[in-house]
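Encoded as structure tokens, the structure appears first; notes follow it.
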Amino acid sequence: MRKFLVVGCGGSGGSTLAFMMDQLKSELAAHGVDSIPAGWQFVHVDVPTAPDTDIAGIGTVFQQGGDYIGTGPASGSYSILDNALSQTLNQASALGEIGTWAPREPERIHTPIHSGAGQMRAVGRMITLSKTNEVRSGLERAFQRLNLVETNTEMASLNVPGMGDFHQADPPMVLVVSSMAGGAGASMALDVCRLLSLIPGVTPSMIGVFMVAADAFDGLPPAARGGVRANALAMLGEIVAAQTTAAAGHDTATLSALGQKNGLQPGLPFARVFPVGRFAGVSRTMFGDGSQNTLYRGLGRGLAALMLSGKASGDFIAYDLTNNSTDKPALRDTFGWGASSENLAWGAFGFASLSMGRDRYSEYAAQRLARTAVDRLRLGHMQPGSTASSIDQVNALADSQWSNICRAMELPVPSGVVINQNDVQAWFSASAFTREDAARISNSITDEQIVPYIPQAGGVPASQWLGGLRQRLHERKPALTNVAVEAAYHWGYGYKDHLLARFTTVVEDSISQFGLPYARIVVDRIEALIKEQLLGTLETMAAYGVPPVAAIPQQFETEIAMMKVIANGQAVIDRLVDMLRGQTSNLLQLQVGKTMSTVLSAFASEVVGPMREALSESLTILDQAQAARPTAVGLANVATNQYSAWPSDDNLSVPARFDVADNEILITESKTFSTQYENDIVEAGSAGAGQRGFKEGQWLVVGQSIRGLWPVAGGDLAPGGLMEQLTSWQPAEFNRDPLTAKPLTPSRASFHVHVAPAELLYRARKFVARKNESFDKFCSLSLREYVRGTDARPSEIPERQRDVIAKFNETLNRAVPLISVNREVVQQLHTDDVKYRFKFSSVPFGELDEVSAALFSKIAENDDIAEETAAILAQAMTSEDKVQRIDIFGSYRNYSPLVFDSVLAPVAQQWAGTSLPERKSFWSQRRSRPLAASLPMGDEERQALVSGWFVAQITGRLRLPEPPYTSAVEVWDEENKRWSQFPNPLLTPPSQFLAKSYDWLPAVLESYLLAVANTHQTPVLSSMRPYNLLRSIYDGSIEEPASGLFEISAVDDLAQWIARGQTKSGMAGRVPELTANSTMEERYENTAKWLTSIRDLAGVHFMEPEYLGAPGGGSFSKIQNRKAASATPLFRDIAPDIFASLGILLEHLEIAYKRALSGPESGPDSMSLPDLGAF
């Protein structure tokens, strides 16, 4: 596991990063990580003041937690920006750095630059240069966050399978994603890399640049992609110039002039480029539907997988980012002459995965279950096919359930339409306060408060005993009454809690069975029952008056009075006690009735009301959720709390977001989700599969999910959580705890019904995740278990194995690099055939001989797969049981930029199909650097071409067109004895030459890009021949400049020409004042004079004083204002090359002259050391 800084440039970069972040969130969430760790920073840099790459379903980089840096101004025109930037550059004497490529007429650029660069790379780079401080600061802030103590702590604490251990000392990897073909991203990417290299801690050798090729935009209408291919051509040149370090001088000078000096290094700004195109592999298979978003998503998935795997990122650094010793470097005689083959090679990146796919099904099932729960909560009272109104239907349902509700509440069940007093009395004595309870409590009170105080009756005169009894009962009446009242208080204190518990249970049952509107009607009816019927009846019963208590019953007194002496005293007392107990019971029932009336009255106002409010609020929340328009949902991360995005029972087609990227192969495809869901619901809703149908099973399961209560045999307990009582209910009448006497504060109850979409989805996920139940058994199956058929019949196993083998092979095919190559060009440049190289995560088929052998066989059968892939697969084989996904990363060996036809073919196609009048706009505002920094070659090759240009003119091997300049510039091909044409027309045609005839050479050099673009035309690489010939006229050495014992070829050719005056082509040279009769001395002197005059022109008029020893001081020596910059000819860009090259060429000319004087066959001058031959 390592830290990453990921930077997206322009729209393509921002879109790819958004897909990456979405994928990472999805992968991390599966392991309990709810956000992207701070050790992975994402920054989107683009021109618009606010990000405009809002991808449906996932949002922008900024919305997902990344940073956004807008380089465009909030207001103002391009000309204002251009003027401000030009002044800044001029203050640093660097205005010449933009002279030949920045818009010549800034006032004619009308693109609204606050929203983009209008596909003009020159405009886009000027915008970026105007905000270098902001871009660097933003990048630096993000990088600094990688090094915080908190970040390292978080990274070390992550425990995600496959990520590996975190090592704080490992340098962060930087990934830059951009387009080659846009106006903004394609112009800023290289500057972003340079600015990144200024940040302390950023190592250019750890920067990988992913470039989306021009063919990615082929799906757009022609009008929308007018400049993309030309932009890609310009970007190709600037990328290679950066790789060869030819661009370092310009980049360093420009950024330094803008204040970016500290830490600026003139070397490579990145390690390697990885082009990405619409077509994959050598067979040019279109990736998915070929659309931009499909490509961005596929690339984003691959880069996310790279970040998530410590092994994959380590392999990427070892085999792809750095040079691989097993790669065959390209022959550099055609392209890259003099440059380092290690630096020049481009990489390739492909990715695909094979997985069970059941994590997506698990979320699908939970969301569908949650949606059904919402529908029941809102509309569960509605009967399919009924034409009655919603109110009528909910009332009818309540009518049908009313007796059940009353019994569940332990309230009186009406014998008719309305409860009568008999119903209440019967209920009171049979249910609310039963006769048994009344007798038990009253007996206890009587026995405690009265019985001990009854005088002995045996042998006592009756009149005397009655008098004493009357006195004793009178004395005990207050105490008995108080104890009875306290007993009623104690009963009421418990009854209120019992009533509340029954009420919440009834409401929860009502919600889960028939929904919120039904539950609200139930609550209303309970309230009406209490207020309109029970309370009135109880008050009537209480109005009967206080019954006699602790009083001698009249009949008993009469009977006793008739006695003179009481003989059977205990029997008399027992009879009296029974009567007194009855009195106490009547008193107790009266007090309990009053207490019940008090409890019910408080209950109606302090409990029922708040419950109704809670139900209404919950229903409002669900109605709002149902009406809400879906926003960013997620593609890789399909989890969402949005009801409108959830799959529905009414639409069995699986939402598109559950489909996978085109480089994701699933064993369980999304089209099977609906059927599997119904099967799992049937099993979950039945004691055994098939006992209930889907509808019956669903009715049970949805109710369990709403309440969060279901049977469990093991694993996590059911979460519950439907109803929460926020505050306790304490009626004012109960101001103390009867058991502890602790004072109580009156409080009104309040409730929260947890049925928000997120809460319902949480409980649905818990239901789906029940261990060893139907959903879990299906979702937790691993690849190895699937192949072994642990859940299948033996007859099904062979088919499963065939399925996995076929899909593994399909995954290999999808993992080929996301860029196509030309096989013939690969063969010619690398002297080898195209080879795919694959790397694998754990492949859990070890010891499953039939399956593993078939996989190795598939690899062996494909001649395009590198031999080492089999060994890599063998190392990845494992017997792990719980692996559910295999990641495969594909690449080629590192290849020359010339092999990638997704990069070159679209450009060649458009240039060939563009009419002459349209070719001006084709190249207008595409180049965003001077020639030296925009040609796909190194300094040595460019300077050899410059020297070859003049040697060819001297020796009659270069032919310039005559007016009207419609023919091509030509160079003599001695081997084939014919003239070879440079591109015609040129990217900058003669009509746009500002230095008149001086601009032929820079224009021909600039059109080297066209030769590169046409390298795949038959015969391949032939378009490069004119430039190869021109360079070899000066230096015919293979792959790199002559050195040591080897001499440049120009010396001998010049000596031959000086000595004889003859040319190989038969055409006279272009040196002025020479004729067929000129002498050797005249040929030498006039040539030296001609070369000196051209060198002086370059050194005086086009170079700053003292640069390379040039005198300077001429017309374009120092560019001191924007007007002069706009008038700067192309010639100024190569003036330093001309000045330096011609200085050396004059020395060679002198050597050639001396050799000619000695005889043209004399060969190189003698060395100062003795010639002892080879040894």
Inset, instruction - Of the numbered conditions (1) part of a helix (DSSP H, G or I); (2) under 30 Å from residue 118 (Cβ atoms); (3) in contact with a Leu (Cβ under 7 Å, 6 or more places away or on another chain), residue 921 fails exactly one; give the number of that condition. - result: (3)
Inset, instruction - Examine the range 1117-1126 for a residue that is without any contact (Cβ under 8 Å) to a residue 40 or more places away in the chain, part of a loop (DSSP other than H, G, I, E, B) and not assigned by TED's automatic domain parsing to the domain that holds residue 246, and state whether such a residue exists. - result: yes
Legend entry - Residue tally, condition part of a loop (DSSP other than H, G, I, E, B), in contact with a Phe, Trp or Tyr (Cβ under 7 Å, 6 or more places away or on another chain) and small (Gly, Ala, Ser), over the range 1048-1066: 1
Legend entry - Tally of residues being buried (at least 16 other Cβ atoms within 10 Å of the Cβ), at pLDDT below 95 and small (Gly, Ala, Ser) across the range 610-638: 4
Inset, instruction - Quick one: in the range 639-652, of everything that is part of a helix (DSSP H, G or I) and among the hydroxyl-bearing types (Ser, Thr, Tyr), which residue is modelled with the lowest pLDDT? - result: 644
Inset, instruction - Out of the residues in the range 742-766 that are crowded, with 19+ Cβ neighbours inside 10 Å and under 17 Å from residue 729 (Cβ atoms), state the one that is farthest from the chain's Cα centre (by Cα). - result: 749
Inset, instruction - For the range 767-791, enumerate the residues that are among the acidic types (Asp, Glu) and under 30 Å from the mean Cα position of the chain (by Cα). - result: 776
Legend entry - Matching residues in the range 421-460 - criterion: being farther than 26 Å from residue 497 by Cα, surrounded by 14 or more Cβ atoms within 10 Å (Cβ to Cβ) and touching a residue at least 24 places away in the same chain (Cβ under 8 Å): 446, 447, 449, 450, 451, 454, 457, 458, 460
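Within the range 870-884, take every residue that is touching a residue at least 40 places away in the same chain (Cβ under 8 Å) and surrounded by fewer than 18 Cβ atoms within 10 Å (Cβ to Cβ) and give me the one that is farthest from the chain's Cα centre (by Cα). Walk me through it before giving the result.
Here is the first cut: in the range 870-884, the residues touching a residue at least 40 places away in the same chain (Cβ under 8 Å) are 879-884.
Filter once more, so that each one left must be surrounded by fewer than 18 Cβ atoms within 10 Å (Cβ to Cβ): 879-882.
Working: 879: 32, 880: 29, 881: 29, 882: 26 Å.
Here the residue is 879.
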Legend entry - the range 251-285: number of residues that are assigned to a helix (DSSP H, G or I) and either closer than 23 Å to residue 177 by Cα or in contact with a Leu (Cβ under 9 Å, 6 or more places away or on another chain) (or both): 6
Inset, instruction - Run residue 811 past the list (1) touching a residue at least 40 places away in the same chain (Cβ under 8 Å); (2) in contact with a helix residue (DSSP H, G or I) (Cβ under 6 Å, 6 or more places away or on another chain) and report the number of the one that doesn't hold. - result: (2)
Inset, instruction - Would you be able to say whether some residue in the range 102-111 is closer than 26 Å to residue 201 by Cβ, among the hydroxyl-bearing types (Ser, Thr, Tyr) and out of contact with any Pro (no Cβ under 7 Å at 6 or more places or on another chain)? - result: no
Legend entry - Boolean, residue 933 is aliphatic (A, V, I, L, M), surrounded by 18 or more Cβ atoms within 10 Å (Cβ to Cβ) and modelled with pLDDT of 95 or more: yes
Legend entry - Condition broken by residue 961, with the remaining ones in (1) over 20 Å from residue 916 (Cβ atoms); (2) in a loop (DSSP other than H, G, I, E, B) satisfied: (1)
Inset, instruction - Considering only residues that are outside any strand (DSSP E or B) and at pLDDT below 95, look in the range 348-363 and name the one that is surrounded by the most Cβ atoms within 10 Å (Cβ to Cβ). - result: 363
Inset, instruction - Within the range 367-410, track down each residue that is buried (at least 17 other Cβ atoms within 10 Å of the Cβ), within 13 Å of residue 522 (Cα to Cα) and among the aliphatic types (A, V, I, L, M). - result: 394, 397, 398, 405, 409
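Yes or no, residue by residue, for (1) in the same structural domain as residue 396 (by TED's automatic domain parsing); (2) over 48 Å from the mean Cα position of the chain (by Cα); (3) among the aliphatic types (A, V, I, L, M):
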{"position": "479", "(1), (2), (3)": "yes, yes, yes"}
{"position": "490", "(1), (2), (3)": "yes, yes, no"}
{"position": "494", "(1), (2), (3)": "yes, yes, no"}
{"position": "510", "(1), (2), (3)": "yes, no, no"}
{"position": "513", "(1), (2), (3)": "yes, no, no"}
Legend entry - Some residue of the range 254-271 being buried (at least 24 other Cβ atoms within 10 Å of the Cβ) and either free of Cβ contacts under 8 Å to residues at least 40 places away in the same chain or in contact with a strand residue (DSSP E or B) (Cβ under 6 Å, 6 or more places away or on another chain) (or both): yes
Legend entry - Selection count where residues are of a type in the set (D, E, K, R) and in contact with a helix residue (DSSP H, G or I) (Cβ under 8 Å, 6 or more places away or on another chain), scope the range 726-772: 6
Inset, instruction - Among the candidates 464, 393, 401, 383, single out the residue that is not assigned by TED's automatic domain parsing to the domain that holds residue 776 and not in a helix (DSSP H, G or I). - result: 383
Inset, instruction - Go through the range 989-1023 and give me each residue that's among the acidic types (Asp, Glu) and within 42 Å of the chain's Cα centre (by Cα). - result: 1006
Legend entry - Filtered residues of the range 328-347 (kept if part of a loop (DSSP other than H, G, I, E, B), in contact with a helix residue (DSSP H, G or I) (Cβ under 6 Å, 6 or more places away or on another chain) and under 30 Å from residue 661 (Cβ atoms)): 347
Inset, instruction - Report yes if residue 997 is polar (S, T, N, Q) and closer than 30 Å to residue 913 by Cβ, otherwise no. - result: no
Inset, instruction - Report yes if residue 117 is touching a Gly at 6+ places or on another chain (Cβ under 6 Å), modelled with pLDDT under 95 and either part of a loop (DSSP other than H, G, I, E, B) or not hydroxyl-bearing (Ser, Thr, Tyr) (or both), otherwise no. - result: yes
Inset, instruction - Give the residue, chosen from 649, 716, that is surrounded by fewer than 15 Cβ atoms within 10 Å (Cβ to Cβ), under 16 Å from residue 366 (Cβ atoms) and in contact with a Lys or Arg (Cβ under 8 Å, 6 or more places away or on another chain). - result: 716
Inset, instruction - For residue 313, work out the one condition from (1) crowded, with 23+ Cβ neighbours inside 10 Å; (2) touching a Leu at 6+ places or on another chain (Cβ under 7 Å) it doesn't fulfil. - result: (1)
Legend entry - Candidate set: the range 181-200, residues that are surrounded by 24 or more Cβ atoms within 10 Å (Cβ to Cβ) and not in a helix (DSSP H, G or I); chosen: the one modelled with the highest pLDDT: 181
Inset, instruction - Give me a count of the residues in the range 47-77 that are crowded, with 17+ Cβ neighbours inside 10 Å, on the phi > 0 side of the Ramachandran plot and assigned to a loop (DSSP other than H, G, I, E, B). - result: 1
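The values are calculated or read from the model by the stated rules, or taken from the named source; none is laboratory data. Treat the numbers as computed from the prediction; the structure is a model and nothing was measured. Heads up, the Cβs are rebuilt from the backbone with ideal geometry, glycines too, and the neighbour counts pull from every protein chain shown.
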